[in-house]
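Visitor: Sharing a structure with you now.
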Amino acid sequence: MTRRTTVSSLKVLLLLSIIMIIFSSNTSAADTDFDISADNTWSVEYLDGSTLQKTGNNSASDGDFIALKIQIFNTNLSSEDAYWSFSFGFDGQWYGGNSGVLIGNLSTNDIEISFGPVTEGYILCKLEVDNTLENEVLEIRVGPNPVNFSSAGSNEIVIIGQPIHVGDELTASILVHNQGSTSDSVRLELTRDDGTTLVNGEFISISPGSSREVSANFVPLLSGSLNVDWRISSLNGGVEVSLNGSSNIEVRNSQDIIVELEEISWDLEDGLDLDMSISLSSGLNRSMGVEIFMKSGNEYGEFQKFNIQMNPGIRNINLNLGHPDASRLKVVVSPNGWLPLNGDGELIIELIPPLVIPSILISGMSPTTVSLGDTFTIDYTLENTGTSASSAGLLRVVGVANNLVFTEVSVPSIDPGNDYSGTVEFPSWEYSQTVDVEFIWNMEDLTVKNQTSVVVDSGSSASFSLPFSVYAAIYGALSGLAIVMTSLVIFRAISQRTPSTNSKLFRGDFLNNRFVKNNASELKKEVSCPSCNQRLNIPIEHNGSVKCPACSMQFSQKSFTQNEIEDSMSVEKPDDEDIISEYEALSTTDLLSCPKCEQTLRVALDKRPVRSRCPACRVEFIAKIG
C-alpha cells in the first residue's frame, strides 16, 4: 500500500516538472513579450489636407492629416508573433480599421499609421497589443483653420493676488490677440483636475487686429496645492491650440485675528482708559474694522467704530472712552473683504465704575486758643476710602459767618486707600470772638466739607472792642447816606416842578391862592429896634425873635394873620374863569408883547391861557386870547 502511494506521488511530480519546462521554454506573447513605447515618445507629424505634405506646425489644424510612428519593443526573441490594432476617438466615438502583425523574433517593431482629415477638437489615439492589457493612449489637440485668436504675449496665464490665503480672491489673466478679419468674443475657462468647472469668465469682445486682457476671478476655499486647468474658448472657434494649459497655486491657511486686553483703568480724572492688542498671523497686510459696544441693561449699543490697516504682527491700541453708562464692554475686530481663520476677534470686559469716598479730617489747631494778632495753624488730612483715585481739586478755607476766603490749596489726585495731609496758616488773627471756619474740598464732580472753631482767649479781649465788624459798619453808613441824599434830590425835584397851566388847577381859587401866598412871602414890614430905634424890614409872616444888626439887640415880633395879609394886599377873589396875575398879555395871533418890556414873544393860541416868562426881563405873566 505504501509503495503504490509513493509511485503515484512520483508520477505527479514528474508531470508538473514537464509542464514547468514547457512553459519556461516557450513563454506566451500574451504576457510580457511586447512593450509599447510611452505616448510622449511617439513621433507625430501633421500633413496638409490638400497636398498631404508636412506642414511643419507644432499642432494640427482643422482638415489636416496626422502621421504617427510608434515603436514596440520585444523582450523575448523566441516568442510567437502577435497582433496590434489602432483606433482613435473623437466626441465620444471610437474609429478603428488599422491593425498589423508583431514579429516575435524582432527586438523592435516600428508601426506607422496615418489618418485624417481631422476636425477641430481633441482626438485620442490608442495603440494596443491584441489579447493583452498592453496599450498606450495619446491626446492630440486639433486647432481651428483658420486661426482667429492667438496669444498676444506669454502663452501662460498670470495669477494675480499671490501669495493667496483661503477666502482671498484670485484673478487669472491672459492677453489675447484677434488676428482674424471679424470681431468675436472669447472667455477664460478654469477647471479642476477632476474636470469640474472652477469658474468661467465673462466673454470679452475683441476687434480685428486688437488685443485685450481676458480674465476670470475665483476664491479658493481649501488650503493646499490647487491645480487649475485653463483654456480660451470662443463660441465660433478659431482659438489657437496654445491657448490652454495648467497652473499650480499654493493656497495658504486663512490669517487669524486675536484681540487681547493689555490694561484697563477707570478714574474720575481720566475716565475709562483701555489698552488692547490686536494680533494678525503671518501673510498679507489686511484692512480691519474695530467696533466698541457698551452694554446698558440687556442690550449692546454701538459706542465707537473705526478702521485700521494691519501688518502681520501685533499692534497696540489705546482708547479713552470717557465715562460711559455701561456695565460691560465688547470689542469686535472684523475683516474688511477677507476671510479670517477663526472668525471675528472679540474681547468682552466687565466694567466697574470708579467710586470715590472723600472725607476731611481736621487734626487740630496750634495753639488751641488764640489772641488778637496771633499767628496759628490748623492741620488737616484728606482721605479717599473709595475704589478709584479722586480727581485733582481745590481745598478752600472760608469763614462760616461772612464767607470770607482765608486761603486756597491745590489738592492732587489721591489714590484709593491713600490720604493727603497739610497745614493751613492764619497770620495776624483779627477777630476777637470765636469764629467757625469751614474746610471745603472741591473735586470735578464731588464736594465735601468739614468745620472747626477758632477759639479766642477771653482775657485778650478785655480792652474796648466793638461787637461788630468796623468795615461792615462803615459800609452800612455810607450806603445809608447815599440813599438819604438821593431821596432828598428826588423830593426837591418833584416839589419844585412847575405844573402845566392847561390844568384847571391854575384857574380859579388855586391860582389866586398861589398868587396870594407868593406875594405874602415877599411882603416886608417895618419895625423899630426898641434899643436904638433902628428901622428894620422883616418878612410880614415872621413870628419870633429879631436881632438888630446895629446894636445886636434881640426882641420878639408878632406875625400877621392870613386875613390881615390878604386885607393889606387888597386882593379880590376873581370869577371861576378869570385868571389872576400881576401881568397879563393879550393877542389874537401867536405873537404878543411882554407887558413889562414890550419884547415880542411867540405863544401858541391853542395853549392859552398859559403862564409864560419873558426871556429878556424874566417877568412872568398870563398869556390870553383877546
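Visitor: For Trp429 and Ala392, what does the FRET efficiency come to when R0 = 25 Å and r is the distance between their Cβ atoms, rounded to the nearest 0.05?
Guide: 0.25
Visitor: Now for a separate question. Which order do the peptides 598-609, 89-100 come out in when sorted by mean C-beta neighbours inside 10 angstrom, highest first?
Guide: 598-609, 89-100
Visitor: How much net charge surrounds Arg192 when only other residues with a Cβ under 15 Å from its Cβ are counted (Lys, Arg +1; Asp, Glu -1)?
Guide: -3
Visitor: With a Förster radius of 25 Å, plug the Cβ-Cβ distance of Phe491 and Glu620 into 1/(1 + (r/R0)^6) and report the FRET value to the nearest 0.05.
Guide: About 0.55, to the nearest 0.05.
Visitor: Which net charge results when you count Lys and Arg as +1 and Asp and Glu as -1 among the other residues whose beta-carbon is under 15 Å from that of Ile362?
Guide: -4
Visitor: Just subtract the alpha-carbon distance of Leu52 and Asp91 from 0.36 nm times their residue separation and send over the number in nm, one decimal.
Guide: Values: separation 39, 0.36 × 39 = 14.04 nm, distance 2.45 nm.
Value of the extension gain: 11.6 nm.
Visitor: Compare the peptides 120-132, 45-57, 167-179, 476-488 by average per-residue count of other Cβ atoms within 10 angstrom and give them in order, highest first.
Guide: Numbers: 120-132: 16.8, 45-57: 13.4, 167-179: 18.8, 476-488: 10.0.
So the order, starting with the most tightly packed, is 167-179, 120-132, 45-57, 476-488.
Visitor: Please give the FRET efficiency for Ser421 paired with Ile357, using the beta carbon to beta carbon distance and R0 = 22 Å, rounded to the nearest 0.05.
Guide: That gives a FRET efficiency of 0.80.
Visitor: Just grab the label-to-label distance for Ser225 and Ser183, each label 7 Å out from Cα along the Cβ direction, in nm (one decimal).
Guide: About 4.4 nm separates the two model spin labels.
Visitor: Using a 7 Å offset from the Cα along the Cα-to-Cβ direction at both Ser107 and Glu202, what is the distance between the two label points in nm, to one decimal?
Guide: Calculated label separation equals 6.3 nm.
Visitor: Order of 375-384, 401-410 by packing, highest average Cβ count within 10 Å first?
Guide: 375-384, 401-410
Where a number appears in this text, it was derived from the coordinates with a stated rule and is not lab data. For clarity, every value in this text was computed on a predicted model and none was experimentally measured. Note: ideal-geometry Cβ built from the backbone for every residue, glycine included; neighbour counts use all protein chains shown.
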